[in-house]
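Participant: I'd like to ask you about the structure that follows.
The values are calculated or read from the model by the stated rules, or taken from the named source; none is laboratory data. Small disclaimer: the values here were computed from a predicted structure and weren't measured. FYI the Cβ positions are ideal-geometry reconstructions off the backbone, even for glycines, and counts take in every protein chain you see.
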Amino acid sequence: MATVEITNIEKYYGGYHALNDINVDIADGEFVVLVGPSGCGKSTLLQMIAGLETITGGELRIGGDVVNYLPPKQRDIAMVFQNYALYPHMTVGQNMGFSLRIRRDPADEIKAKVERAAKILNLDQLLDRFPRELSGGQRQRVAMGRAIVREPQVFLFDEPLSNLDAKLRLSMRTEIKELHQRLKTTTIYVTHDQDEAMTMADRIVVMNTGVVSQIGAPLDLYDRPANTFVAGFIGSPAMNFMDGTIQGGKFQAANGSSWALPSDAKVTEGQRCTFGVRPEFVEAGGDVAAKVIVTEPTGSETQIVADMGGEHFTCLFNERIAAQPGDTLKIGADPEKCHVFDIETGLRL
Amino acid sequence: MKLARANRLTPYVFMAPAAVIMVIALLYPLGYMVYGSFRAWDPSQNISETEFVGLKNYITLWFDPSFRESLGVTLKFAISVVAVEMVLGVGLALLLDRNIRGMSILRTLFILPMMIAPVVVGLMWRYMYHPTVGTFNRFLKSIGLDGVDWLGQHALLSVIIADIWQWTPFIFILTLAALQSLPQSALEAAKIDGAGGWQQIWHIKLPLMMPVLIVTCLLRLIDAFKVLEVILVMTEGGPGLSTEILALRISRTATEFRELGVAAAMSNYLLMLLLLLTVAMFAFNKIQTARAARLRAAVQEED
Ligand SMILES: Nc1ncnc2c1ncn2[C@@H]1O[C@H](COP(=O)(O)OP(=O)(O)O)[C@@H](O)[C@H]1O
Ligand SMILES: [Mg+2]
């Protein structure tokens with residue numbers, strides 16, 4: 001187990017600046033999730049940590065040692081790939097034991113370790129199968145097995161669940177969490193799915209086009225997003241944003257609605273800003289009028305997309321609301337659960 | 001009704017010209033050769049005037065020491081060139097499978113020998129092997145060594161070297177193509193698993209390329225059994241019978257010894273040998289496809 005310190009990391013692909021001044025310190029045993037939209041540089045960062053991609057600038061330390069120029073085999077990391085990357089010509093057992101065979105561990109020791117990992121992952125019946133004979137979920141577990149038999153310093157996961165169907169994804173999520181609680185190995189997990197990030201992470205690193213947008217515990221990101229990007233990315237359904245100005249100590253939106261400000265917002269009268277309201281914190285019975293466009297009941301909740309001065313506004317109620325398209329709802333929100341951002345920079349005010 | 005039948009026949013109508021050409025260009029001469037191999041046949045005779053001798057040509061050949069020697073030379077030649085070419089071609093491909101500047105030019109240079117006409121290759125090497133004015137001996141003498149009697153004492157070795165020069169590129173390009181279509185992620189996984197360069201080659205690259213390598217090897221073997229022009233130009237089979245490969249002996253039997261029937265029988269022996277290799281190749285392919293299909297079926301059953 002080890003710490004991972006990412007300091008001022010830069011990556012250029014030719015002239016393309018893929019990563020810009022990345023700084024993340026990961027504690028021993030921590031489960032950190034890198035999350036961000038597709039193409040923001042998550043995989044690139046992970047591959048640089050793994051040693052599969054060269055580091056253009058900055059310093060990478062694993063367990064305190066600078067590893068910028070070490071090949072993957074000397075970094076003592078294990079990686080699980082999105083497409084599993086199993087060796088097609090080896091059985092499940094051989095796949096899992098490959099790293100140990102490469103480092104010439106005794107055969108009986110390899111066998112014991114592979115069997116132990118197989119038991120943890122429920123693969124003990126499949127050790128003699130070839131990857132082609134496995135289902136997607138089983139292959140994913142073999143890829144994880146290959147990582148855990150090594151007992152590495154750090155686990156790296158690159159979107160390991162993206163190729164699985166929704167149900168399997170949920171159960172594998174739990175399995176990976178459980179595995180981490182059991183092994184306590186430092187883990188860096190990449191995903192584009194904010195839900196996965198929220199549920200699995202000790203700490204989340206939100207990335208956006210090659211820069212780190214915010215780092216924090218899942219609930220901190222949810223409660224106090226540092227900017228509109230994080231506010232819009234974390235949380236589902238996404239936060240409602242409105243542009244407007246501060247007038248008479250309230251936020252006056254361009255769409256005509258008016259909202260009370262959170263007490264800690266540092267704003268001045270007349271300042272132009274962006275106001276954010278999470279759909280789940282919208283309450284029925286306020287003084288903002290919204291015209292229902294669609295109602296989506298799920299049984300336990302009701303999601304309503306409404307029209308507010310020509311803009312869509314999403315509400316999520318924890319109860320059943322019998323609203324018809326065309327009806328007008330009166331809504332409001334607890335001001336302490338709303339967010340104010342600078343309209344130019346998008347930074348939290 | 002009528003239309004439906006016409007539709008069903010359409011593909012055969014399109015195939016017919018090709019089929020006719022096949023029959024004329026391939027089956028007719030083949031049949032002619034098989035027919036001729038059972039006859040005592042002098043080139044001055046029309047085949048209808050020849051005498052039927054049954055398996056005599058085949059039996060004579062079987063006990064003919066010159067034929068056996070020639071068969072031995074062919075086997076020696078084919079096996080050694082293919083073995084060396086496989087090792088060199090695969091080795092070069094592994095070495096040059098990387099993205100550095102100028103690599104594409106280098107790769108193109110490597111495949112040039114394959115594009116030169118065999119007769120030209122033969123002439124070129126014959127000149128280079130010349131005992132006094134040849135490139136090799138002049139070089140050896142210039143650094144103070146004795147010249148080597150390339151096409152005399154070491155004739156078989158010399159033609160083997162020339163063939164290796166010409167055909168290693170064939171294996172090189174096929175292997176390179178196979179290498180570049182390997183699943184990159186499996187190689188990345190191997191790096192992460194701690195495999196060094198050699199270990200990646202030995203445990204991942206070679207096993208994954210094996211189907212391509214086997215087919216390449218068989219193709220090359222089939223071709224090596226039929227080689228003629230280069231050796232004809234370089235040594236004409238000599239000295240003695242030392243480089244007289246089967247193709248050459250067949251042509252000499254037909255033209256010099258004027259025994260068309262025996263030549264035909266000899267061709268059939270060679271044909272059988274090649275057929276065996278071809279069948280082996282097809283069988284290998286079949287087994288591969290069947291195994292893949294079985295594995296797919298096994299997976300589908302579970303899903
Ligand atoms: N080998 C490469 N050469 C050039 N550009 C690349 C390369 N790999 C990735 N990129 C670019 O870098 C950016 C980040 O890619 P990546 O790290 O794969 O994103 P993601 O966050 O989806 O994993 C993308 O814009 C991608 O096009
Ligand atoms: Mg990616």
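Participant: Would you say B:Leu55 is in contact with a Phe, Trp or Tyr (Cβ under 9 Å, 6 or more places away or on another chain), closer than 30 Å to B:Leu174 by Cα and at pLDDT below 90?
Facilitator: Working: in contact with a Phe, Trp or Tyr (Cβ under 9 Å, 6 or more places away or on another chain): yes; closer than 30 Å to B:Leu174 by Cα: no; at pLDDT below 90: yes.
Taking the combined requirement at face value, the residue does not satisfy it.
Participant: Take the residues in segment A:198-214 that are of a type outside the set (Val, Ile, Thr) and touching a Cys at 6+ places or on another chain (Cβ under 6 Å); name whichever of them is surrounded by the fewest Cβ atoms within 10 Å (Cβ to Cβ).
Facilitator: For segment A:198-214, the residue satisfying everything is A:Asn208.
Participant: Output the number of residues of segment A:32-63 satisfying the condition of being away from ligand 2 (no atom under 16 Å from the Cβ) and in contact with a helix residue (DSSP H, G or I) (Cβ under 6 Å, 6 or more places away or on another chain).
Facilitator: Summing the residues that are away from ligand 2 (no atom under 16 Å from the Cβ) and in contact with a helix residue (DSSP H, G or I) (Cβ under 6 Å, 6 or more places away or on another chain) in segment A:32-63 gives 2.
Participant: Restricting to segment A:194-219, name every residue that is out of contact with any Ser or Thr (no Cβ under 8 Å at 6 or more places or on another chain) and of a type in the set (Asp, Glu).
Facilitator: Of everything in segment A:194-219, those that are out of contact with any Ser or Thr (no Cβ under 8 Å at 6 or more places or on another chain) and of a type in the set (Asp, Glu) turn out to be A:Glu196, A:Asp202.
Participant: State all residues of segment B:6-38 that are within 23 Å of B:Glu256 (Cβ to Cβ) and either aromatic (Phe, Trp, Tyr) or touching a strand residue (DSSP E or B) at 6+ places or on another chain (Cβ under 6 Å) (or both); if no residue qualifies, say none.
Facilitator: Result: B:Tyr32, B:Tyr35, B:Phe38.
Participant: With (1) within 11 Å of chain B (Cβ to nearest Cβ); (2) over 17 Å from A:Ala85 (Cα atoms) as the list, and A:Val114 as the residue in question, which single condition is left unmet?
Facilitator: The failed condition is (1).
Participant: Another question, if that's okay. Out of the residues in segment A:45-59 that are without any contact (Cβ under 8 Å) to a residue 40 or more places away in the chain and more than 16 Å from A:Val4 (Cα to Cα), state the one that is nearest to the other protein chains (Cβ to nearest Cβ).
Facilitator: If we take residues in segment A:45-59 being without any contact (Cβ under 8 Å) to a residue 40 or more places away in the chain and more than 16 Å from A:Val4 (Cα to Cα), then A:Leu52 is nearest to the other protein chains (Cβ to nearest Cβ).
Participant: So, of the residues in segment A:1-31 that are within 16 Å of ligand 2 (Cβ to nearest atom) and away from chain B (no Cβ under 14 Å), which turns out to be surrounded by the most Cβ atoms within 10 Å (Cβ to Cβ)?
Facilitator: Initial filter on segment A:1-31 (within 16 Å of ligand 2 (Cβ to nearest atom)): A:11, A:13, A:16, A:18-19, A:22.
Checking which are away from chain B (no Cβ under 14 Å) leaves us with A:11, A:16, A:18-19, A:22.
Numbers: A:Lys11: 22, A:Tyr16: 8, A:Ala18: 20, A:Leu19: 27, A:Ile22: 23.
Taking the candidates together, the pick is A:Leu19.
Participant: Evaluate segment A:73-93: report whether one residue or more is more than 9 Å from every other protein chain (Cβ to nearest Cβ), in contact with a Phe, Trp or Tyr (Cβ under 7 Å, 6 or more places away or on another chain), of a type outside the set (Lys, Arg) and more than 16 Å from ligand 2 (Cβ to nearest atom).
Facilitator: Scanning segment A:73-93 turns up at least one residue that is more than 9 Å from every other protein chain (Cβ to nearest Cβ), in contact with a Phe, Trp or Tyr (Cβ under 7 Å, 6 or more places away or on another chain), of a type outside the set (Lys, Arg) and more than 16 Å from ligand 2 (Cβ to nearest atom).
Participant: Condition (residue is part of a loop (DSSP other than H, G, I, E, B), farther than 27 Å from B:Pro169 by Cα and free of Cβ contacts under 8 Å to residues at least 24 places away in the same chain) applied to segment B:64-81: is it met by at least one residue?
Facilitator: Scanning segment B:64-81 turns up at least one residue that is part of a loop (DSSP other than H, G, I, E, B), farther than 27 Å from B:Pro169 by Cα and free of Cβ contacts under 8 Å to residues at least 24 places away in the same chain.
Participant: Can you name the residue in segment A:145-163 that is more than 16 Å from ligand 2 (Cβ to nearest atom) and over 17 Å from A:Arg101 (Cα atoms) and, of all such residues, is surrounded by the fewest Cβ atoms within 10 Å (Cβ to Cβ)?
Facilitator: A:Gln153
Participant: With the requirement that a residue be within 14 Å of another protein chain (Cβ to nearest Cβ) and either hydroxyl-bearing (Ser, Thr, Tyr) or within 21 Å of A:Thr187 (Cα to Cα) (or both), what does segment A:118-137 give you?
Facilitator: Those that are within 14 Å of another protein chain (Cβ to nearest Cβ) and either hydroxyl-bearing (Ser, Thr, Tyr) or within 21 Å of A:Thr187 (Cα to Cα) (or both): A:Ser135, A:Gly137.
Participant: With the structure loaded, tell me whether A:Leu70 is under 30 Å from A:Gly36 (Cβ atoms), assigned to a loop (DSSP other than H, G, I, E, B) and either touching a His at 6+ places or on another chain (Cβ under 7 Å) or among the hydrophobic types (A, V, I, L, M, F, W, C) (or both) or whether it fails that test.
Facilitator: The answer is yes for A:Leu70.
Participant: Across segment A:146-155, what is the number of residues that are away from chain B (no Cβ under 12 Å) and touching a helix residue (DSSP H, G or I) at 6+ places or on another chain (Cβ under 7 Å)?
Facilitator: Initially, segment A:146-155 is screened for residues away from chain B (no Cβ under 12 Å), giving A:148, A:151, A:153.
Remaining after also requiring touching a helix residue (DSSP H, G or I) at 6+ places or on another chain (Cβ under 7 Å): A:148.
So the answer is 1.
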